[in-house]
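Asks: The structure is given below, and queries will be raised subsequently.
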Amino acid sequence: MSALQLLLSQHVVAVETRAESTDESLLWPEEDAFLGDVVAGRRWDWVQGRRCARLGIQQLGLEPRPILAGPKREPLWPSGVVGAITHTHGFAAAAVARSSDLRSVGVDAEPDEPLPKGVLKRISHSYEQEWIAAGVAGVAAADRLLFCIKEAVYKTWFPVAQVWLGFEDALVEIDEGTYSFGVTITAEGPISDLAGRYQSVDGIVMAAIELCH
């Protein structure tokens, strides 16, 4: 079982990889044409992320399809599928579910190390800075956890709302005892609150959210 799967319910299939090489045979022609000429790191992210997503779709018992991207770089899922893709520092993963089971899924993975100087102030509220300063059990860099959670929030929000959500529009509270979090969304839209789980494994901090119908 993947580490990400431990954060998700039985409705979701999560697949992850740390493969070092980029196997071009995993890229569908439509995806290759859409991606174009990019640096090796970006190509690895795209190939491995799509591979994880298709493996997940197959495990759902559905026919895999090319997965292109929309104007906000969001994955364009086949009919009947919701999900999210994430990649960072040689790690790629995808989480997918049937749209009949869930309204949206959001996952993100980041290196468990401090954010670059100045980033925390731009993405956080004063309340969040308080629990970050105190530290979070099981996570090396609490500020990076906050960033990771807010990325997962956006990936959950956007497929439903189809409008931008800023870092300042989500207020995160952590429950260290259960390795979970709650999110209050202050922007107008179809979602007012979310909940999810987090963990840090082998230098990667990850967060996952499921939105029910």
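Asks: Hey, got the dipole for the chain? About the Cα centre, +1 on K and R Cβ, -1 on D and E Cβ, debye to the nearest 20?
Replies: Dipole about the Cα centre, nearest 20: 320 debye.
Asks: I've got another one for you. Quick check: the angle from helix 40-59's long axis to the longest principal axis of the chain, C-alpha only, nearest 10 degrees?
Replies: On a 0 to 90 degree scale, this one is about 80.
Asks: Using the alpha-carbon centroid of each, what span in Å lies between segment 151-204 and segment 16-39?
Replies: 29
Asks: Roughly what % of Cα-Cα distances in segment 23-141 sit above 25 Å, to the whole percent?
Replies: Above the 25 Å cut-off, segment 23-141 has 37 percent of its Cα pairs.
Asks: Tell me the trypsin sites (Lys or Arg not before Pro) within segment 96-132 that lie in a loop according to DSSP and have at most 12 other beta-carbon atoms within 10 Å.
Replies: Here the trypsin sites (Lys or Arg not before Pro) that fit, given the DSSP loop and packing criteria, are K117.
Asks: Extension gain S126-R18, at 0.36 nm per residue separation less the Cα-Cα distance, in nm?
Replies: In short, 35.3 nm is gained.
Asks: Give a residue-ordered list of calculated ³J(HN,Hα) values for segment 8-22 (Karplus: 6.51 cos²θ - 1.76 cosθ + 1.60, θ = phi - 60°; whole Hz; x for Gly, Pro).
Replies: 3J(HN,Hα) across segment 8-22, in whole Hz: 10, 7, 5, 6, 10, 10, 10, 10, 9, 8, 10, 4, 7, 8, 9.
Asks: Where does each of D143, D193 land when they are ranked from fewest to most other beta-carbon atoms within 10 angstrom?
Replies: By the 10 Å Cβ count, ascending: D193, D143.
Asks: While we're on this one: With just the Cα atoms of the chain, tell me how far they stretch along each of the three principal axes, in Å, largest first.
Replies: Each principal axis gives a Cα extent; for the chain these are 48, 36, 32 Å.
Asks: Still on this model: How large is ³J(HN,Hα), in whole Hz, for each residue of segment 110-125 in order, when computed from phi with the Karplus curve 6.51 cos²θ - 1.76 cosθ + 1.60 and θ = phi - 60°, using x for Gly and Pro?
Replies: For segment 110-125, the Karplus curve yields 9, x, 7, 8, x, 5, x, 4, x, 6, 4, 4, 7, 10, 10, 9 Hz.
Asks: On a 0 to 90° scale, report how tilted helix 142-161 is relative to the longest principal axis of the chain, with both axes built from alpha carbons and the result rounded to the nearest 10.
Replies: So the helix axis and the longest Cα principal axis differ by about 60 degrees.
Asks: Something else about it: Under a no-solvent Debye model with one identical scatterer per Cα of segment 106-213, what's log10 I(q)/I(0) at q = 0.14, 0.15, 0.16, 0.17 Å⁻¹?
Replies: -0.48, -0.56, -0.64, -0.72
Asks: Throw me the Rg/Rh for segment 1-55, computed over C-alpha atoms with Kirkwood Rh, two decimals.
Replies: Ratio of gyration radius to Kirkwood radius for segment 1-55: 1.04.
Asks: Based solely on its DSSP helices, what 222 nm [θ] is calculated for the chain when runs of n ≥ 4 H residues each add -39,500 (n - 2.57) and the sum is averaged over all residues, nearest 500 deg cm²/dmol?
Replies: Calculated at 222 nm, the ellipticity per residue is -9000 deg cm²/dmol.
Bear in mind that the values in this text are calculations on the coordinates, not laboratory data. These figures come from a predicted structure and were not determined experimentally. Please note: Cβ atoms are built from the backbone with ideal geometry, for glycine as well, and neighbour counts cover all protein chains shown.
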